[in-house]
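**Q** Sharing a structure, written as structure tokens. Questions coming.
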Amino acid sequence: VQLQASGGGLVQPGGSLRLSCVASGNILSTNTMGWYRQAPGKQRELVAAMTSGGGTNYADSVKGRFSISTENTNTVDLQMNSLEPEDTAVYYCTVTYYSGGSTWGQGTQVTVSS
């Protein structure tokens, strides 16, 4: 599976951004699709993920502000509202496989600043 992420950028605090990730290849082998982020000097952390059955999981810091969704089986979007400077990071799309392992897309920078 190959992943192509888009939608990052610069936004003011309180603003919104929508990230999109398109997967190509053997997507039927994927168990979950989701987003991680890594801020400077910090470890990569889970932001939100969705299982093939539609279950979702969110980091506590983004609950109520971010929403993960899929329009079809090969895309996963992350709607980010009420953005805070602490959300500034490189965001990575990822999939995990039923057989184990994962694939990561290229990161997309999100900067929240006035």
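**Q** Of the numbered conditions (1) at pLDDT 95 or above; (2) closer than 13 Å to residue 35 by Cα, residue 76 fails exactly one; give the number of that condition.
**A** The failed condition is (1).
**Q** While we're on this one: For residues in the range 61-73 being open to solvent by less than 60 Å² (accessible area, probe 1.4 Å), modelled with pLDDT of 95 or more and not in a helix (DSSP H, G or I), which is farthest from residue 13 (Cα to Cα)?
**A** 68
**Q** Here's another thing I want to ask about it. For the range 87-114, how many residues meet the condition of being hydroxyl-bearing (Ser, Thr, Tyr) and surrounded by 15 or more Cβ atoms within 10 Å (Cβ to Cβ)?
**A** 8
**Q** Sticking with this one: Within the range 75-86, how many residues turn out to be open to solvent by 50 Å² or more (accessible area, probe 1.4 Å) and among the hydroxyl-bearing types (Ser, Thr, Tyr)?
**A** Total meeting the criteria: 1.
**Q** Looking at residue 68, is it closer than 17 Å to residue 3 by Cα, in contact with a Gly (Cβ under 8 Å, 6 or more places away or on another chain) and β-branched (Val, Ile, Thr)?
**A** yes
**Q** I would also like to ask the following. Looking at 46, 3, 28, which is the one that is farther than 20 Å from residue 113 by Cα and in a helix (DSSP H, G or I)?
**A** 28
**Q** If you take the residues in the range 8-46 that are open to solvent by 30 Å² or more (accessible area, probe 1.4 Å) and at positive phi, which one is modelled with the highest pLDDT?
**A** Among residues in the range 8-46 that are open to solvent by 30 Å² or more (accessible area, probe 1.4 Å) and at positive phi, the one modelled with the highest pLDDT is 14.
The values are calculated or read from the model by the stated rules, or taken from the named source; none is laboratory data. This structure is a prediction, so every number in the text was calculated from the model and none was measured. Every residue, glycine as well, gets a Cβ built from its backbone with ideal geometry; the counts of neighbours run over all protein chains shown. These accessible areas exclude ligands, DNA and RNA; they are computed on the full protein's heavy atoms, side chains included. Shrake-Rupley method; radii C 1.70, N 1.55, O 1.52, S 1.80 Å.
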